[in-house]
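Structure, as structure tokens:
Bear in mind that the values in this text are calculations on the coordinates, not laboratory data. All values reported here derive from a predicted model rather than from experimental measurement. Cβ placement follows ideal geometry from the backbone for every residue including glycine, while neighbour counts extend to all protein chains displayed.
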Amino acid sequence: MDDGIIMSKPLILEAREVKRTYMQGKIPVHALRGVNLEIEKGEFIAIVGPSGSGKSTLLHLIGALDVPTEGELIIGGKNLKEQNRNRLAEMRQQVGFVFQYFNLIPRLTALQNVELAIAILGNMKKNQRRQKAQKILEEVGLGDRLFHRPNELSGGQQQRVAIARALAGDPLFLLMDEPTGNIDTKSRDVLLDLIKNLNRNRHITVIIVTHDSYIAQQADRIVYLVDGVLYDKDPTHSSGRVFESNTNQPKEVNQ
Amino acid sequence: MKSGDLISYSFNAIKTRKWRTVLTVLGVVIGITAIVALLSLGQGFENELDRQFQQGFSTNSLYVSKKTGIINADPTFELYFNDTQTIGGFENVELATPVFRKTIYIEGPSQNFSLNVFGINFTEYKQIFPFIFVEEKGSISFGTPTSGFVIGSRIHKPFRNDSIYLDVGENLTIYWLERNGTEIIYNNLTAQVDAVLTESGSFASGVNDIGIYIPIEMAMDLFQTQQVQSIIALTTDDESATLDQVTTQIEEFYADQVTVSAPQAILAQIQSSFNTIETFLASIAGISLVVAGIGIMNIMIVSLLERTREIGILKSLGTKDHTILFIFLIETGIIGLLGSVVGIGLGYGFGFAFSFLGNFRQVSIQNPAAGSIFTGVSPVLSFSIVLQAILFGVLTSLIFGLYPAIRAARLKPVDALRFE
Ligand SMILES: Nc1ncnc2c1ncn2[C@@H]1O[C@H](COP(=O)(O)OP(=O)(O)OP(=O)(O)O)[C@@H](O)[C@H]1O
Ligand SMILES: [Mg+2]
């Protein structure tokens, strides 16, 4: 593929009119109102948007943690709604997910949390697994916190454990929900280098939700999610309409 | 996930809620303890019963005694010494021997004990009970007339240990009451102990471990009576046709005022009544295990709620439904296994405690019949009992753990992750 011929790379993700509606009792909450998105293998994409716009919801769908209420979501050639629970679990094994709220297992140490992600894949011996987990934790600067439990770590340290865990299983996808919200700029830069490296050298597709414009700038492409609709240009710059009122919801932008 | 990893993961989860696990395990322990105590004692009881019957009964013997009860039983009817000859003359009867029995008292260290004196024909008796009418110490005087006592082993060693209450060559005084018109006459007799019998156990009818044996002639002389309590008839063979024929013959001759019973039938009766008791107790033990199961279910549901987020995390990392199911089932399985293993040990221990109490009561109580059921019975822990107990404990745990496990497995990852 890297033979210099200009052609589009294969699509690793295709979202067509994806909707996700939560039921809040009897009241439907439309978190995604018809998202269209195409991602090529090896892309590094940043998703930005205001709070509550549906970024986490979208990322969960891409990570096969959830299925769309309506629309087609095809990941790695597989249509999400055609997969059974077992297949969905297998799809999740190829995803490294960094959650907005870390989601570490409290009773396990940093090392055990990372090891667990590898153990679930079931393809590595205990020793190798431990070494690998340790190495990754060292890479994110937690070599001296291996045996701490999450409640013995700072927010930023927990976030880095979560990142290490996401990387541990050699994922094809790296999905990160605000991964730098709690860490200082120096750690952020280390992390960014790590991500870019994985992206360039191992062709891992990276999708990152962020409020940090510096990080967003590093991505190949930025998409904007506003009120459950995805735009490829910042809709708030073309018109100030979007955030003006809640009653006047934005219409979908035709592309 | 590999099975080794699954098990260590489950262990880790259990370890973090130590006390709760201990309490849940305790539930299983109680159930299994009860079951094992019961089964091992039952097994011991059956073994002992078999042993005693094999030694203490001849299969070709019939016991004749006067009929009791209110229907068709004439209370004035008695069996007499002379009937021995009559029965001995019947067709297919090889030998008939009388058994006289009377309750007497002996002086104990702190209180008087009531026991039975048996008047028998030593030689004939030995012929019917060759294995148990045997001296352990001293000698039984067959043939030559004697005025000494032959005593059961528990009068010699009441506690089955080294402490001897009464030995060969020592004198024993027996006391009994007699009515003469309106008068009460206190009688007593002092005689020397000639022999101590080997221990026979409580089910054998041949030798009573707390009985005193004297020649029948001496008994009739002493107690001034010709009545006997039973007559044992030895038949020519142990075919049921022969036994039936002799039974009918005797019953008809005595106008249906006697009961003729075969040891085989007695054994079956004891076993069946024992089985009824055992079944009843086992169902009570079973109920306690169900209660333990509900405890397990309860704790696993609590654990499910507590760990919903954790399950969400596991799922987000690609854990399959059946793996989550296994994790939960392994946890309940471990609880069941721990409970079973501890319960088996405790149950066996309780079995011993019970049998000890049974033995102890035997000698400390006035009525020799009471407490005798466990005499000589030690619990037997067979491989099949161990297997049954473990199977039962683990299966109960798994059955009750299934519902929470299935619920955990069916959780949707996003919902689970959002759960607070
Ligand atoms: N389980 C749920 N039930 C009901 N409503 C939900 C649920 N999850 C999300 N929502 C709603 O869907 C919308 C999108 O939520 P989402 O978490 O995707 O936003 P977000 O863009 O990630 O916000 P933030 O930047 O604050 O993390 C919100 O209005 C939220 O209230
Ligand atoms: Mg979010």
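Put a dot 7 Å past each Cα toward the Cβ at B:Asp244 and B:Glu420; how far apart are the dots in nm?
8.3 nm
Taking the number of other C-beta atoms within 10 Å as the exposure measure, put B:Trp176, B:Trp19 in order starting with the fewest. It would help to have the intermediate numbers written out before the result.
Details: B:Trp176 17, B:Trp19 7.
In order of increasing Cβ crowding within 10 Å: B:Trp19, B:Trp176.
Could you give the Stokes-Einstein D for the range A:1-106 in µm² per second, using the C-alpha Kirkwood radius, 20 °C, 1.002 mPa s? Please list the in-between numbers first.
Details: Rh = 15.3 Å.
Rounded to a whole number, D works out at 140 µm²/s.
What is the set of long-range amide H partners of A:Val29 at a cut-off below 5 Å, with H atoms built 1.01 Å from backbone N?
When sequence neighbours closer than 5 places are left aside, the close amide H contacts are A:Tyr22, A:Met23, A:Gln24.
Seen from all sides and averaged, what is the projected area of the convex hull of the Cα atoms in the protein assembly as shown, in nm²? Before the final figure, lay out the partial values.
Numbers: hull surface 192.4 nm².
In nm², the orientation-averaged hull projection of the protein assembly as shown is 48.1.
For the protein assembly as shown, what does -39500 (n - 2.57) per DSSP helix run (n ≥ 4), summed and divided by total residues, give at 222 nm, in deg cm²/dmol to the nearest 500?
Numbers: 20 runs with 306 residues, N = 675.
It comes out at -15000 deg cm²/dmol, rounded to the nearest 500.
Could you tell me the calculated FRET efficiency between B:Ser261 and B:Lys412, based on Cβ-Cβ distance and R0 = 56 angstrom, to the nearest 0.05?
On the way: r = 71 Å, r/R0 = 1.27.
The formula returns an efficiency of 0.20 here.
What's the center-to-center distance, using Cα atoms, between the range B:85-108 and the range B:159-186 in Å?
Here the answer is 21 Å between Cα centres.
Nothing charged except the Cβ atoms of Lys and Arg (+1) and of Asp and Glu (-1): what's the magnitude of the dipole of the range A:86-210 about its Cα centre? Round to the nearest 20 debye. Please report the intermediate quantities before stating the final value.
Numbers: 18 positive and 12 negative charges, 93 e Å.
That gives a dipole near 440 debye.
Pick out, from B:Phe352, B:Pro413, B:Gly286, the residue whose Cα sits farthest towards the positive end of the charge dipole of chain B, with +1 on the Cβ of Lys and Arg and -1 on the Cβ of Asp and Glu.
B:Pro413
Taking N as the number of residues in chain B, what is its Cα Rg relative to 2.2 N^0.38 Å? Write down the numbers at each step before the final one.
On the way: Rg = 31.0 Å, N = 420, 2.2 N^0.38 = 21.8 Å.
Normalised by 2.2 N^0.38 Å, the Cα Rg of chain B equals 1.42.
Given a Förster radius of 22 Å and the C-beta distance between B:Val302 and B:Ser8 as r, what FRET efficiency does 1/(1 + (r/R0)^6) yield to the nearest 0.05? Before the final figure, lay out the partial values.
Numbers: r = 22 Å, r/R0 = 1.02.
That gives a FRET efficiency of 0.45.
Using the alpha-carbon centroid of each, what span in Å lies between the range B:305-334 and the range A:87-117?
13 Å
Going by alpha carbons, how many degrees (0 to 90, nearest 10) lie between the helix axis of B:263-306 and the longest principal axis of chain B?
So the inclination is approximately 20 degrees.
Can you list the HN-Hα couplings for the range A:217-227, worked out from phi with the Karplus curve (6.51, -1.76, 1.60; θ = phi - 60°), rounded to whole Hz and with x for Gly and Pro?
5, 6, 6, 5, 7, 10, 10, 10, 10, 10, 6
Defining a contact as two alpha carbons under 8 Å apart and six or more residues distant in sequence, what relative contact order in percent does chain B show? Kindly include the intermediate steps, with their values, before the conclusion.
Working: 731 pairs, mean separation 122.5, N = 420.
Rounded, it is 29 percent for chain B.
With labels modelled as points extended 7 Å from the Cα through the Cβ direction, what inter-label distance (nm, one decimal) is found for A:Asn182 paired with B:Leu23?
That separation, rounded to one decimal, is 3.2 nm.
Taking a quarter of the surface of the convex hull around the Cα atoms of the range B:102-165, what do you get in nm²? Spell out each step's value before the answer.
Values: hull surface 21.0 nm².
Its average projected convex-hull area is 5.2 nm².
How much net charge surrounds B:Glu124 when only other residues with a Cβ under 15 Å from its Cβ are counted (Lys, Arg +1; Asp, Glu -1)?
Details: positive: B:Lys126; negative: B:Asp83, B:Glu94, B:Glu217.
Surrounding charge for B:Glu124 is -2.
Which entries in the list A:Lys81/B:Lys2; A:Lys81/A:Lys196; B:Lys102/B:Lys157 go over 25 Å, if you measure between the two C-alpha atoms of each?
Working: A:Lys81/B:Lys2 29 Å; A:Lys81/A:Lys196 31 Å; B:Lys102/B:Lys157 22 Å.
Result: A:Lys81/B:Lys2; A:Lys81/A:Lys196 exceed 25 Å.
Counting Lys and Arg as +1 and Asp and Glu as -1, each charge on the Cβ, what is the dipole of the protein assembly as shown about the Cα centre in debye, to the nearest 20? Don't skip to the answer; put the middle values down first.
Details: 58 positive and 67 negative charges, 951 e Å.
That gives the protein assembly as shown a dipole magnitude of about 4560 debye.
Arrange B:Arg307, A:Arg188 by Cβ neighbour counts within 10 Å, fewest through most, would you? Can you show the working numbers first?
On the way: B:Arg307 22, A:Arg188 17.
Lowest to highest Cβ neighbour count: A:Arg188, B:Arg307.
So what's Rg/Rh here for the range B:78-253, counting alpha carbon atoms and using the Kirkwood radius for Rh? Don't jump to the answer; show the numbers that get you there.
Values: Rg = 17.3 Å, Rh = 17.4 Å.
That ratio equals 1.00.
Among A:Leu108, A:Ser53, B:Thr190, whose Cα sits farthest toward the positive end of the charge dipole of the protein assembly as shown (+1 at Cβ of Lys/Arg, -1 at Cβ of Asp/Glu, about the Cα centre)?
A:Ser53
Could you tell me the center-to-center distance, by alpha carbons, between the range B:275-289 and the range B:116-136 in angstrom?
After rounding, the separation between the Cα centres reads 39 Å.
Can you tell me how much longer the chain between A:Lys196 and A:Arg221 gets when fully stretched, taken as 0.36 nm per residue apart minus their C-alpha distance, in nm with one decimal? List each step's numbers first, then the result.
Values: separation 25, 0.36 × 25 = 9.00 nm, distance 1.34 nm.
Separation in residues times 0.36 nm, less the Cα-Cα distance, equals 7.7 nm.
For A:Val206, which sequence-distant residues (separation of 5 or more, or a different chain) have an amide H within less than 5 Å of its own amide H, given hydrogens modelled in the peptide plane?
It is A:Glu43, A:Phe44, A:Ile45, A:Leu174, by chain and number.
How big is the dipole moment of chain A about its Cα centre under a simple scheme where the beta carbon of each Lys and Arg is +1, that of each Asp and Glu is -1, and everything else is neutral? Debye, nearest 20, please.
On the way: 33 positive and 30 negative charges, 189 e Å.
Taking the Cα centre of chain A as origin, the dipole is about 900 debye.
Which of B:Ser3, B:Asn82, B:Thr68 sits closest to the plus end of the dipole of the range B:1-90, meaning its Cα is farthest towards the positive end, when Lys and Arg get +1 and Asp and Glu get -1 on the C-beta?
With unit charges placed on the Cβ atoms, the residue in question is B:Ser3.
Compute for chain A: radius of gyration divided by Kirkwood radius, i.e. Rg/Rh, restricted to C-alpha atoms, rounded to two decimals.
Rg/Rh for chain A comes to 0.97.
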